[in-house]
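**Student:** Handing you a structure now.
Each value in this text was obtained by applying a stated rule to the coordinates, not by laboratory testing. The structure displayed is predicted, hence computed values, not measured ones. Reconstructed Cβ throughout: ideal geometry from the backbone, glycine too, with neighbour counts over all protein chains shown.
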Protein chains: 4
Amino acid sequence: MRILFIGDVVGRSGRAIVAERLPGLVRDWRLDFVVVNGENAAGGFGITELIYHDLLAAGADAVTLGNHSWDQREALVFIERAEKLVRPLNYPPGTPGRGVALVEARNGARVLVTNLLGRVFMDPLDDPFAAVEREIAACPLRDAADAIVVDMHAETTSEKQAMGHFLDGRASLVVGTHTHAPTADHRILPGGTAFMSDVGMTGDYDTVIGMAKDEPLNRFLRRIPGGRFEPGGGPATLCGLAVETDDETGLAAKVAPVRIGGALEPAVPAFWAA
Amino acid sequence: MRILFIGDVVGRSGRAIVAERLPGLVRDWRLDFVVVNGENAAGGFGITELIYHDLLAAGADAVTLGNHSWDQREALVFIERAEKLVRPLNYPPGTPGRGVALVEARNGARVLVTNLLGRVFMDPLDDPFAAVEREIAACPLRDAADAIVVDMHAETTSEKQAMGHFLDGRASLVVGTHTHAPTADHRILPGGTAFMSDVGMTGDYDTVIGMAKDEPLNRFLRRIPGGRFEPGGGPATLCGLAVETDDETGLAAKVAPVRIGGALEPAVPAFWAA
Amino acid sequence: MRILFIGDVVGRSGRAIVAERLPGLVRDWRLDFVVVNGENAAGGFGITELIYHDLLAAGADAVTLGNHSWDQREALVFIERAEKLVRPLNYPPGTPGRGVALVEARNGARVLVTNLLGRVFMDPLDDPFAAVEREIAACPLRDAADAIVVDMHAETTSEKQAMGHFLDGRASLVVGTHTHAPTADHRILPGGTAFMSDVGMTGDYDTVIGMAKDEPLNRFLRRIPGGRFEPGGGPATLCGLAVETDDETGLAAKVAPVRIGGALEPAVPAFWAA
Amino acid sequence: MRILFIGDVVGRSGRAIVAERLPGLVRDWRLDFVVVNGENAAGGFGITELIYHDLLAAGADAVTLGNHSWDQREALVFIERAEKLVRPLNYPPGTPGRGVALVEARNGARVLVTNLLGRVFMDPLDDPFAAVEREIAACPLRDAADAIVVDMHAETTSEKQAMGHFLDGRASLVVGTHTHAPTADHRILPGGTAFMSDVGMTGDYDTVIGMAKDEPLNRFLRRIPGGRFEPGGGPATLCGLAVETDDETGLAAKVAPVRIGGALEPAVPAFWAA
Ligand SMILES: [Fe+2]
Ligand SMILES: [Fe+2]
Ligand SMILES: [Fe+2]
Ligand SMILES: [Fe+2]
Ligand SMILES: [Fe+2]
Ligand SMILES: [Fe+2]
Ligand SMILES: [Fe+2]
Ligand SMILES: [Fe+2]
C-alpha cells in the first residue's frame, strides 16, 4: 500500500503547490492514501472549511492539525462535520472534533490516522503516549486497521523519536511535524515502523519557518513586535514522506523523502518512479 | 576552499566513527578546514582534554561546543589552553575560553569560527545576534577572514533560520546544531551563505537523540527518572555539511549533506567525489 | 475544626523549627489536623522515611510533596507503606504511592488530602483540574469528607488562583506551595474555600528560596554551575495557613497566615490566641 | 525619606483606587516619592499616554513597566517624551524610552528608578544583573542618588530574591512585580536594602491575576481560547510597599506592606500613622 504524508501546508504558497502537484502525484505514483497536515494552511494560522475541502479535492484522504488547530475560530464548528479532519488526540475530553479517524483508502484498506501534540516546550496537555496507546489497543494494526499513520506534532526531536520507538512495530508510520524543516533521518525502525523526525513544511523556505523574514528577524533583534507574521509568498517546496507498506503486516517496506519545488534539494521516491 | 562541518559527536560510538573516517575524508576530499561540534563527546555530556586532542588528531581544525560545554568540569580549566576549542560566544563576560577563534586552515587561509547559543527554550544568555554582529564587524569576511563558520546551537528552527538570514552574505556558512537530527534543508541562501537548520549528531541513531532508548522512554512514560542517560552503543552515523567556498568572495559555491555509516541514508558531496 | 497547613520544609533548618514549635502549636491552638509539605525536607531535595516519621512525630497528620517527590530515591519504595504521605495526584497511572488520602483527624473527622502539580513552567503531567475533579466527585465534602485540603504545587499564581476558584465551595482549603515565598492574599473565596496563592517555605529566608545565596547568585551571574545547592543554615521561619472550618459545611470560617521565627514578620491567628 | 511603591495597576478598577486613594496617602503619609507599576493599566495590557498622565496626576513620581510595556502600540512613541516612564532596562540597545531615570522627589532628593525584566520563564533579554550593575556603578547610592528604587519584574521568586541579595546595600529597595500576588516576605536585608518578592497587583483580587475568572478557567480546563481576557470589574486592592530610608545612607530604615480596599486583609505602615 502506498502512503504519502505531506507536512504543514503554510499559507497560499503552500496550498498552491498542493493543488498543482498532488493530483499528479496521486496518479503517477498510484497513491492509496494521502495525509496532509493543514494546521498552517489559512494564512499560516489554522484552517478554514473551504481550505479543508480544497485539500481533499487535491487528493488528501485525511487532514491533520496541531497547535494551530483553532487559530481560525470556525474550525471549532466545522470540524464536527469534517470527518477526515483529525485534531490532536490529547486535547481534553469534550474538545470538538476527533483525534483519531478510521478512513477508507483508495484501495479499500482501512487506515487509522491520529494526530498527537508533544508536551515539551508546548502547551500542557494530556499524555500523548498514553493517549495513542489506548487508541492503538482499540484498533490494532492488522486486526482492525490495515495501516496506522501517526502525526506527532512536537517541538523536540527527543519526544518525536521516543514516540517512534514507542510505536515501533505497532504503527505503519510515525512522522513528526511542527518544526517546518524536513529532517534527513527517514528510515524504517527495527520493528518495521517508518519514521522521520520531521517531514518539514510545505511552504516557502526562503523565510523563517514559512513566515516572511522581516518580522521574525525584527522580533529576534528587537524583542518587540513590529507587525503581524505573514507567510512568505515565494514558491513553495512540497515536503513529505513516501511509505510503501507490506500488505501482510501493515508495516513499512520502503521509505523515502519527498521534496518538490522551491528552494530545497529535490527528492522523490525512486521505488515509485514510473 | 573546502570546509566540512561535523555535528555533535555523541559518546564513544560517535568518537569512533570520527577517528575511523575523518582522516580518510580529509585526504580523499582534500579538505582545507574541518570543524567538529564536540559538546557531547564525553559519554554524551561535555568534553575532556583528551577527547579534544583526539578530535584534532583525527583532522578537526576547530572544535565547537554548546549547552553541554561544562558538563565535564575540567573543560573550565583546559579550555584556556585549548586554542581551537570554541565555546558559545554569548556567555557572560569572564567565562573561561573563547567564543570565537581565527584559525589557520591547511591551505593557509584564515577561518573565523564561532559558536552561538540560541535562547528560545534554552538557558537565558546574552543576545547571540548582537554578539555575532560585533565579532563579524571586527573580523569581516574577505577583509580579515577568508571564511567564516558559524555554529548556531539552538533548539528551534526559527531561531536558527533567523540567524542564517541575519548573516546571509556575511558568513560562509551558518549551521545549526543541538537537535541531533540532520535536516534536509541544506542550501545556499540568496546572499551566498551556506545554511542547514541542523547538521545532526554524529552518533548512534537507533536511540533517542543519541541516548539508549530505555531511559528516555521511561521518562516520557513515567515522568520519574529511572537511571542515568547512557549513549547508544550501536554504530554511529557521521553527519555533517560539506561546503565549498569561492576563494574570491569567501561565500558558498557548493553545499551538500554528509551522512556516513549507521542507520541513516548515506550522502556524500558529489562535487568532491574523486 | 482547626487545620494548619505548613509550607515546604527546607532542610535541617526547616525540620528543626517544625520539631521545636509544632508540638506546642498543636497543643496551644488545639489543632485537629496538620498538613506539612515535605518535598524539600531532606537537604532541600525530597524526603526520606526517617524524616517522614519525624514530621509525623512532630504533629503532622499528613505530609504532601511536589516536583521534588523522588529526589531521594528511597521515596519510590517507602511511599507504598507511608499511608499519610501524599504525592502529586496527576502523575501517570502506576506511580508509586497515593495522590489522595482520607485521613482521620484528632477529632475523629475524615480529612481528604490531595497534592496536585501545576503544569505551567513545570514538567508535563496530566491535567490537575480533571484529576482533582474526579477525586472530589468520588469523595465530596460533607458526604464523604469532613474537610478537604488541596495542596496545589505550582509555579504560577494564575494556575493556583484558577484552582482556588475551580474548587471554591467544594474544598475546605486550597493552598499553593512551591515558590517558597508566602503570599499575603490569604482569604476566604466567595464560595467558602480558604485560599492563599502560596503558603511559603518553612526554612531560612536569608537565602534564595531556601538555598545558601552563593551558588544561586553564581548561576544567575555566570550561567555555569559552581557547586551544589545547599540549604541555608540560618534560623527558619515556620510558614503556613491557619484555617478554622465550619463543622456543618466543611467550608472555611476563619483564615489567617502563620509566620513564626526567622527573618519574616511574625503572624499568628488572632482567633486561636489563648 | 518616605517612599511608596505601588504594584501593577490592572485596568479600570486598579486605576480607580489609585485615583481615589493615592492623593490622600501622599498627603497623610507625607510621601516624598511614589513609584507605580503601570504595565497593566490599560485594560490589563500596557499603558496609554492618557493613563500615564493620570497616574502622575494622582501622585506618582515615576511609572515602571514590564513584559506588557508595548501592548498599547502608542507606548513606543509617547515613551520618548514621557520622562518619568521607565521601561525595562535590559531591552536591546535602541529600544524607545529609558530603562533608568533620575527623578527629583518632593523633598528635592534625587531618586534613581529602574525597571528590570527577569529571564526565567520569560522572554529572552540581556542579563538584568549585568545591566543594573552598570547603572548603579554609574550612579551610586549616596554619591549620585539619594535613593535607588529597583522594580524587578520577574516570574520566579528565585530570580527576584537573587536580585535582592545582589543589590543588598547598594539599593534602597528592590521589589518584585509581575506575579500579581503580594508576598509576605517584606523585610530589610542584612545590607540595608528593603525587599519584597512581589508587591502584588493593584486590581480586583476576586479574579485570576486580575482577569475576570471565566476565560482563565476556560483555558486551564479546555486549553482552547474562548474569548479575550478582561480585567475584573470588582473593587480593587491597592497593594504596595512602604519604605522609609535613612537620609544619611539612603538605605532602608523601616518597611511595611500596604494593602488598601478590596478582598485582601488590610495593611498600612504603623510607623506613618498620624
Ligand atoms: Fe506547523
Ligand atoms: Fe505547529
Ligand atoms: Fe548536542
Ligand atoms: Fe546541545
Ligand atoms: Fe518546595
Ligand atoms: Fe517544588
Ligand atoms: Fe503585571
Ligand atoms: Fe508582567
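**Student:** Modelling each spin label as a point 7 Å along the Cα-to-Cβ direction, I'd like the residue B:83/residue B:247 distance in nm, to one decimal.
**Tutor:** The modelled label-to-label distance comes out at 2.5 nm.
**Student:** Would you work out the relative contact order for chain B, in percent, from Cα pairs under 8 angstrom that are 6 or more residues apart?
**Tutor:** 18
**Student:** About the Cα centre, and with charges only on the beta carbon of Lys, Arg (+1) and Asp, Glu (-1), how big is the dipole of region B:112-246? Nearest 20 debye, please.
**Tutor:** The dipole magnitude comes to about 420 debye.
**Student:** Take the alpha carbon atoms of region A:160-213, find their center, do the same for region A:120-142, and report the distance between the two centers in whole angstrom.
**Tutor:** Using only Cα atoms, the two centres lie 17 Å from each other.
**Student:** Another question about this same structure. With labels modelled as points extended 7 Å from the Cα through the Cβ direction, what inter-label distance (nm, one decimal) is found for residue C:121 paired with residue B:134?
**Tutor:** 2.8
**Student:** Can you give me the relative contact order of region B:131-274 as a percent, contacts being Cα pairs under 8 Å and 6 or more apart?
**Tutor:** Here the relative contact order equals 20 percent.
**Student:** Continuing with the same structure: Only bridges with both residues in chain A count here: give the DSSP antiparallel percent, nearest 5.
**Tutor:** In chain A, DSSP labels about 45 percent of beta bridges as antiparallel.
**Student:** In whole Å, what three semi-axes, largest first, describe the equivalent ellipsoid of the protein assembly as shown built from its Cα gyration tensor (square root of 5 times each eigenvalue)?
**Tutor:** That gives 49, 35, 28 Å for the three semi-axes.
**Student:** Next question. Using alpha carbons only, what's the Rg to Rh ratio of region D:158-252 with Rh from Kirkwood?
**Tutor:** 1.14
**Student:** Quick one: putting +1 on the C-beta of Lys and Arg, -1 on the C-beta of Asp and Glu, what dipole do you get for the protein assembly as shown around its Cα centre, in Debye to the nearest 20?
**Tutor:** Taking the Cα centre of the protein assembly as shown as origin, the dipole is about 0 debye.
**Student:** By its C-alpha gyration tensor, with a ≥ b ≥ c as the square roots of the eigenvalues, how is region D:79-178 shaped: rounded for a/c under 1.5, else prolate for a/b larger than b/c, else oblate?
**Tutor:** Note, shape of region D:79-178 comes out oblate.
**Student:** Restricting the count to DSSP beta bridges whose residues both fall in region B:142-204, what percent are antiparallel, rounded to a multiple of 5?
**Tutor:** 20
**Student:** Determine the distance separating the Cα centre of region D:63-107 from the Cα centre of region B:73-96; give it in Å without decimals.
**Tutor:** 37
**Student:** Relative contact order for region A:1-72 using alpha-carbon pairs under 8 Å, separation at least 6, rounded to a whole percent?
**Tutor:** With pairs under 8 Å counted, the relative contact order is 36 percent.
**Student:** Using amide H atoms built in the peptide plane, which far-off residues or other-chain residues are under 5 Å from residue D:64 H to H?
**Tutor:** Distant-sequence amide H within range of residue D:64: D:36, D:37, D:38, D:86.
**Student:** Using a cut-off of 10 Å between beta-carbons, work out the net charge of the residues near residue B:177 (Lys and Arg +1, Asp and Glu -1, residue B:177 not included).
**Tutor:** Around residue B:177, the surrounding residues sum to -3.
**Student:** Right, another one. Is the C-alpha gyration tensor of region B:1-155 telling us rounded, prolate or oblate? Criteria: a/c under 1.5 is rounded; beyond that, a/b larger than b/c is prolate, otherwise oblate.
**Tutor:** Cα axes put region B:1-155 in the oblate bin.
**Student:** Taking θ = phi - 60°, what integer Hz values does the Karplus form 6.51 cos²θ - 1.76 cosθ + 1.60 yield along region C:258-269, in sequence order, with x for Gly and Pro?
**Tutor:** For region C:258-269, the Karplus curve yields 10, 9, 10, x, x, 8, 8, 4, x, 8, 9, x Hz.
**Student:** Could you work out how far apart the two model spin labels at residue D:74 and residue A:53 are, taking each label as a point 7 Å from the Cα in the direction of the beta carbon, and quote it in nm?
**Tutor:** Simple spin-label model gives 4.4 nm for this pair.
**Student:** So, one more: Starting from the amide H of residue D:251, placed 1.01 Å from N in the peptide plane, find each other amide H under 5 Å away whose residue is 5 or more places distant or on another chain.
**Tutor:** Here D:246 satisfy the definition.
**Student:** Something else: In debye to the nearest 20, how big a dipole does chain A give about its Cα centre with +1 on each Lys and Arg Cβ and -1 on each Asp and Glu Cβ?
**Tutor:** 340
**Student:** If each Cα of chain C is one equal point scatterer, what is log10 of I(q)/I(0) from the Debye formula at q = 0.07, 0.14, 0.15 Å⁻¹?
**Tutor:** Relative scattering, expressed as log10 I(q)/I(0), comes to -0.21, -0.90, -1.05.
**Student:** Also, I was wondering about something else. Compute the Cα gyration tensor for region A:1-92, then decide on rounded, prolate or oblate, letting a ≥ b ≥ c be the square roots of its eigenvalues: rounded whenever a/c is under 1.5, prolate when a/b is larger than b/c in the other cases, and oblate in all that remain.
**Tutor:** Note, shape of region A:1-92 comes out prolate.
**Student:** Which is the longest stretch in chain A that no exposed loop site breaks, taking sites as trypsin sites (Lys or Arg not before Pro) with a DSSP loop state and at most 14 other Cβ atoms within 10 Å?
**Tutor:** It runs A:143-227.
**Student:** Place the label 7 angstrom along Cα→C-beta at residue B:19 and in each other copy, then list the distances from the first to the rest in nm, shortest first.
**Tutor:** Distances between equivalent label points, in nm: 5.2, 5.8, 7.6.
**Student:** So what's the back-of-envelope 222 nm ellipticity for the protein assembly as shown, counting only DSSP H runs of four-plus at -39500 (n - 2.57) apiece and dividing by all residues, rounded to 500?
**Tutor:** Mean residue ellipticity, 222 nm, calculated: -7000 deg cm²/dmol.
**Student:** Also: Antiparallel DSSP bridges in region D:123-274: what percent, to the nearest 5?
**Tutor:** Here the antiparallel bridges make up roughly 60 percent for region D:123-274.
**Student:** Provide the net charge surrounding residue C:68, with neighbours chosen by a C-beta distance below 14 Å and charges set as Lys +1, Arg +1, Asp -1, Glu -1.
**Tutor:** Its environment carries a net charge of -4.
**Student:** Here is a follow-up. If you take every residue apart from residue A:208 with its C-beta less than 10 Å away from the C-beta of residue A:208, what net charge results, scoring Lys and Arg +1 and Asp and Glu -1?
**Tutor:** Summing Lys/Arg as +1 and Asp/Glu as -1 gives -1.
**Student:** Between residue C:234 and the same site in the other copies, what are the distances in nm, shortest first, taking label points 7 Å from Cα along the C-beta direction?
**Tutor:** 3.7, 5.5, 5.8
**Student:** Using a label point 7 angstrom from Cα along Cα-to-C-beta, what distances in nm, from shortest up, separate residue B:104 from the other copies?
**Tutor:** 6.4, 7.5, 8.5
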